[in-house]
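**Student:** I am attaching a structure below and will ask some questions about it afterwards.
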């Protein structure tokens, strides 16, 4: 496994301190706080550690305080319910004695039933599009070293964007992004690992989409951006080491908050997951 992905997989592997109590490391990706996707992925990993024979189908989370990337995070899992087909877990993330995040996740015994889905949008194939890592590294404003681990050549994921994405101050555009992504190497066969990796990477590009009409990006000065909440629905099994299309739209921004929702498709057009997020978008300049 290539080093950037191996580092992320290790980050999502938690230390068990006690029954239903886990500890995860943090890392600096160049943002003022712990990356929200890290907390999502680790919290889901903590919940999975208390589940047997069931697959995650949804999670709903709130980010309460900024996480400190210089300190570990403790995850406390509450086994809210184990029913005949469904299990529910509540996970609280604690740092410096305070709750910084909480999440409810639901798991289901594999079942079959009625199926339908919306079609995947018609977009160019990933191999016909430029690698976003190359575009970011070619910008006149160099990426800080920590940001390079998040989005540059040393990222655990590669991204091929359909729409142009300027950095740090893009041209205003429609509130939509379609981005192909995949892990840079094989992530193994564990379905829980793939779900946790998808939770991690699902925090990319959502607020970027909400900022597009206003000419801002995560690298822009004069705007403060932070995740407030995050929801995911896992419709079908997924592999993050195969190309996936993140099709994102932002229907609204108001009250210093931006809202985005997205669908995740395989390259064959199968809808495997959906996400929604609201984040703080406060203009300071």
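The values are calculated or read from the model by the stated rules, or taken from the named source; none is laboratory data. Here the structure is a predicted model, which is why all the values come from computation and not from measurement. All Cβ positions, even for glycine, are placed from backbone atoms using ideal geometry, and neighbour counts span all protein chains on display.
**Student:** For the stretch 50-70, give me the residue count where each residue is farther than 19 Å from residue 237 by Cα, at pLDDT 95 or above and buried (at least 18 other Cβ atoms within 10 Å of the Cβ).
**Tutor:** Within the stretch 50-70, residues that are farther than 19 Å from residue 237 by Cα, at pLDDT 95 or above and buried (at least 18 other Cβ atoms within 10 Å of the Cβ) number 2.
**Student:** Hey, among 218, 198, which residue is surrounded by fewer than 19 Cβ atoms within 10 Å (Cβ to Cβ) and either in contact with a strand residue (DSSP E or B) (Cβ under 7 Å, 6 or more places away or on another chain) or in a strand (DSSP E or B) (or both)?
**Tutor:** Details: 198 fails: surrounded by fewer than 19 Cβ atoms within 10 Å (Cβ to Cβ).
Just one listed residue meets the conditions, 218.
**Student:** So, one more: Residue 46: over 28 Å from residue 180 (Cβ atoms), within 21 Å of the chain's Cα centre (by Cα), without any contact (Cβ under 8 Å) to a residue 60 or more places away in the chain and assigned to a strand (DSSP E or B), yes or no?
**Tutor:** Details: over 28 Å from residue 180 (Cβ atoms): yes; within 21 Å of the chain's Cα centre (by Cα): yes; without any contact (Cβ under 8 Å) to a residue 60 or more places away in the chain: yes; assigned to a strand (DSSP E or B): no.
Judged against the criteria, residue 46 is not a match.
**Student:** Then there's this: Given 79, 89, 66, which one is outside any loop (DSSP other than H, G, I, E, B) and under 28 Å from residue 207 (Cα atoms)?
**Tutor:** On the way: 79 fails: under 28 Å from residue 207 (Cα atoms); 66 fails: outside any loop (DSSP other than H, G, I, E, B).
Criteria check complete, one pass: 89.
**Student:** If you check residue 260 against the conditions, is it in contact (Cβ under 8 Å) with a residue 40 or more places away in the chain, closer than 26 Å to residue 116 by Cα, assigned to a strand (DSSP E or B) and touching a strand residue (DSSP E or B) at 6+ places or on another chain (Cβ under 6 Å)? It would help to see each step written out before you state the result.
**Tutor:** Numbers: in contact (Cβ under 8 Å) with a residue 40 or more places away in the chain: yes; closer than 26 Å to residue 116 by Cα: yes; assigned to a strand (DSSP E or B): yes; touching a strand residue (DSSP E or B) at 6+ places or on another chain (Cβ under 6 Å): yes.
In short, yes.
**Student:** Here is a further query. What's the number of the condition residue 101 fails, among (1) in a helix (DSSP H, G or I); (2) touching a helix residue (DSSP H, G or I) at 6+ places or on another chain (Cβ under 8 Å); (3) within 27 Å of residue 278 (Cβ to Cβ)?
**Tutor:** Checking residue 101 against (1) in a helix (DSSP H, G or I); (2) touching a helix residue (DSSP H, G or I) at 6+ places or on another chain (Cβ under 8 Å); (3) within 27 Å of residue 278 (Cβ to Cβ), the one that fails is (1).
**Student:** In the stretch 201-214, which residue that is assigned to a helix (DSSP H, G or I) and within 13 Å of the chain's Cα centre (by Cα) is nearest to residue 14 (Cα to Cα)? Talk me through it step by step, then tell me what you get.
**Tutor:** Keep residues of the stretch 201-214 that are assigned to a helix (DSSP H, G or I), which gives 201, 206-214.
Filter again for within 13 Å of the chain's Cα centre (by Cα), leaving 201, 206-208.
On the way: 201: 18, 206: 26, 207: 28, 208: 29 Å.
Among them, the one singled out is 201.
**Student:** Here are 166, 173, 188: which of them is at positive phi and either surrounded by fewer than 20 Cβ atoms within 10 Å (Cβ to Cβ) or outside any helix (DSSP H, G or I) (or both)?
**Tutor:** Numbers: 166 fails: at positive phi; 173 fails: at positive phi.
Of the residues listed, the single one that is at positive phi and either surrounded by fewer than 20 Cβ atoms within 10 Å (Cβ to Cβ) or outside any helix (DSSP H, G or I) (or both) is 188.
**Student:** Report whether or not residue 33 is out of contact with any helix residue (DSSP H, G or I) (no Cβ under 6 Å at 6 or more places or on another chain), in a helix (DSSP H, G or I), in contact (Cβ under 8 Å) with a residue 40 or more places away in the chain and closer than 22 Å to residue 277 by Cβ.
**Tutor:** Working: out of contact with any helix residue (DSSP H, G or I) (no Cβ under 6 Å at 6 or more places or on another chain): yes; in a helix (DSSP H, G or I): no; in contact (Cβ under 8 Å) with a residue 40 or more places away in the chain: yes; closer than 22 Å to residue 277 by Cβ: yes.
Here the answer is no, as residue 33 does not meet what is asked.
**Student:** Let me ask you something else. Within the stretch 115-146, which residues are loosely packed, with under 15 Cβ neighbours inside 10 Å, modelled with pLDDT under 85 and in a loop (DSSP other than H, G, I, E, B)?
**Tutor:** Within the stretch 115-146, 138, 139, 140, 141, 142, 144 meet the criteria.
**Student:** State all residues of the stretch 229-256 that are within 15 Å of residue 282 (Cβ to Cβ) and either crowded, with 17+ Cβ neighbours inside 10 Å or free of Cβ contacts under 8 Å to residues at least 12 places away in the same chain (or both); if no residue qualifies, say none.
**Tutor:** Start the filter on the stretch 229-256 by keeping residues that are within 15 Å of residue 282 (Cβ to Cβ), which leaves 253-256.
Across the stretch 229-256, the qualifying residues are 253, 254, 255.
**Student:** Can residue 224 be described as outside any loop (DSSP other than H, G, I, E, B) and either under 17 Å from the mean Cα position of the chain (by Cα) or within 19 Å of residue 156 (Cα to Cα) (or both)?
**Tutor:** Spelling it out, it is not the case that residue 224 is outside any loop (DSSP other than H, G, I, E, B) and either under 17 Å from the mean Cα position of the chain (by Cα) or within 19 Å of residue 156 (Cα to Cα) (or both).
**Student:** Something else now. Do you know which of the residues in the stretch 7-30 that are touching a residue at least 60 places away in the same chain (Cβ under 8 Å) and on the phi < 0 side of the Ramachandran plot is surrounded by the most Cβ atoms within 10 Å (Cβ to Cβ)?
**Tutor:** Filtering first and then ranking leaves 8.
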